[in-house]
Amino acid sequence: MIKNIRLKDFKADERVLAVGRRHWIIFLQDALGLLILFFLPFFAGPILSVFSGPNTVSFPNGFGLFFGSLWALVLWQRLFVKWTDYYYDIWIITNWKVIDIEQKGLWHRDVSTLMNLDKIQDASMDISGFLGTIFNYGTLQIQTAAANREFIFENVAHPRVIGITIKEAQEHRIKVEAERTRQNMQKAIQESYPSETPN
């Protein structure tokens with residue numbers, strides 16, 4: 001299904017080679033952090049009552065339910081924003097270009113495109129840390145010749161596979177362009193110096 005992705009600015013012979021996204025463990029870390037925050041008020045209340053001593057403050061009926069519900073709603077909204085950011089951050093590698101789609105919040109998306117793979121000077125992968133090594137995620141950095149621009153894909157799943165895919169696509173694109181240039185030069189020479197046909 002990934003290979004069937006077509007964007008409106010694709011060329012006739014352009015096809016998707018790979019789609020990268022952040023590793024699911026990154027979203028899981030965010031979700032676990034929000035889960036801990038969800039349970040924090042349930043533990044904070046009894047702990048505060050122990051330290052406050054006999055002078056406890058009483059709240060009206062329904063106060064805890066109201067603020068507990070509000071707290072849960074805020075955290076649910078944060079979880080939805082984190083999931084949206086995770087799900088819509090993708091990198092599309094085609095046989096012509098690299099497209100970086102970065103979701104920022106709910107209502108904003110940045111799309112950056114490296115138009116020609118032959119402009120890539122270097123693609124380096126970095127997998128560091130215990131979780132990165134165990135779950136195979138890391139940073140993929142692409143250095144381009146266009147005004148020293150860098151594309152940095154952080155926490156991408158399988159960065160080595162995606163980096164190798166980009167390098168292979170770049171090599172193939174360079175060969176295709178070289179062959180096209182050779183054919184165009186050969187055609188131009190034939191048009192400039194047509195061979196004499198016998199009578």
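Need the failing condition index for residue 119 against (1) charged (D, E, K, R); (2) modelled with pLDDT of 85 or more; (3) more than 30 Å from residue 79 (Cα to Cα); (4) surrounded by 13 or more Cβ atoms within 10 Å (Cβ to Cβ), just the number.
Residue 119 satisfies all of (1) charged (D, E, K, R); (2) modelled with pLDDT of 85 or more; (3) more than 30 Å from residue 79 (Cα to Cα); (4) surrounded by 13 or more Cβ atoms within 10 Å (Cβ to Cβ) except (2).
Is it the case that residue 33 is at pLDDT below 85 and either in a helix (DSSP H, G or I) or among the basic types (Lys, Arg) (or both)?
On the way: at pLDDT below 85: no; either in a helix (DSSP H, G or I) or among the basic types (Lys, Arg) (or both): yes.
No.
State whether one or more residues within segment 187-194 are more than 30 Å from residue 77 (Cβ to Cβ), hydrophobic (A, V, I, L, M, F, W, C) and surrounded by 11 or more Cβ atoms within 10 Å (Cβ to Cβ). So that I can check it myself, show each step before the final result.
The first filter runs over segment 187-194 and keeps only residues more than 30 Å from residue 77 (Cβ to Cβ), leaving 187-194.
Now narrow it down to the ones that are hydrophobic (A, V, I, L, M, F, W, C): 188-189.
Within this subset, residues satisfying the condition of being surrounded by 11 or more Cβ atoms within 10 Å (Cβ to Cβ) are none.
No: zero hits.
State yes or no: is residue 91 within 22 Å of residue 15 (Cα to Cα) and part of a loop (DSSP other than H, G, I, E, B)?
No, not satisfied.
Hey, among the residues in segment 164-180 that are within 19 Å of residue 140 (Cβ to Cβ) and of a type in the set (A, V, I, L, M), which one's surrounded by the fewest Cβ atoms within 10 Å (Cβ to Cβ)?
Step by step, filter segment 164-180, then rank; the result is 164.
The rows are residues; the columns are (1) at pLDDT 85 or above; (2) within 30 Å of residue 166 (Cβ to Cβ).
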position: 10; (1), (2): no, yes
position: 26; (1), (2): yes, yes
position: 40; (1), (2): no, no
position: 47; (1), (2): no, no
position: 60; (1), (2): no, no
position: 83; (1), (2): yes, yes
position: 88; (1), (2): yes, yes
position: 92; (1), (2): yes, yes
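Among the residues of segment 122-143, write down those that are of a type in the set (A, V, I, L, M, F, W, C) and at pLDDT 85 or above.
Here is the first cut: in segment 122-143, the ones of a type in the set (A, V, I, L, M, F, W, C) are 123, 125, 127, 130-131, 134-135, 140, 142.
Answer for segment 122-143, where residues must be of a type in the set (A, V, I, L, M, F, W, C) and at pLDDT 85 or above: 125, 127, 130, 131, 134, 135, 140, 142.
Which residue pairs have Cβ atoms under 8 Å apart, sit 6 or more places apart or on different chains, and have a first residue in segment 106-117 that is outside any strand (DSSP E or B) and a second that is surrounded by 10 or more Cβ atoms within 10 Å (Cβ to Cβ) and small (Gly, Ala, Ser)?
Close Cβ pairs (under 8 Å, with a partner that is surrounded by 10 or more Cβ atoms within 10 Å (Cβ to Cβ) and small (Gly, Ala, Ser)) amount to 117/169.
Just give me the residues in segment 60-90 being within 13 Å of the chain's Cα centre (by Cα) and more than 30 Å from residue 151 (Cα to Cα), in sequence order.
none
Here are 169, 146: which of them is touching a helix residue (DSSP H, G or I) at 6+ places or on another chain (Cβ under 7 Å), at pLDDT below 90 and closer than 19 Å to residue 17 by Cα? Can you show your working first?
Details: 146 fails: closer than 19 Å to residue 17 by Cα.
Selected residue: 169, the only one of 169, 146 that is touching a helix residue (DSSP H, G or I) at 6+ places or on another chain (Cβ under 7 Å), at pLDDT below 90 and closer than 19 Å to residue 17 by Cα.
The values are calculated or read from the model by the stated rules, or taken from the named source; none is laboratory data. Source: prediction; values computed, not measured. Because the Cβ atoms are built from the backbone with ideal geometry, glycine has one as well, and the counts that use them run over all protein chains shown.
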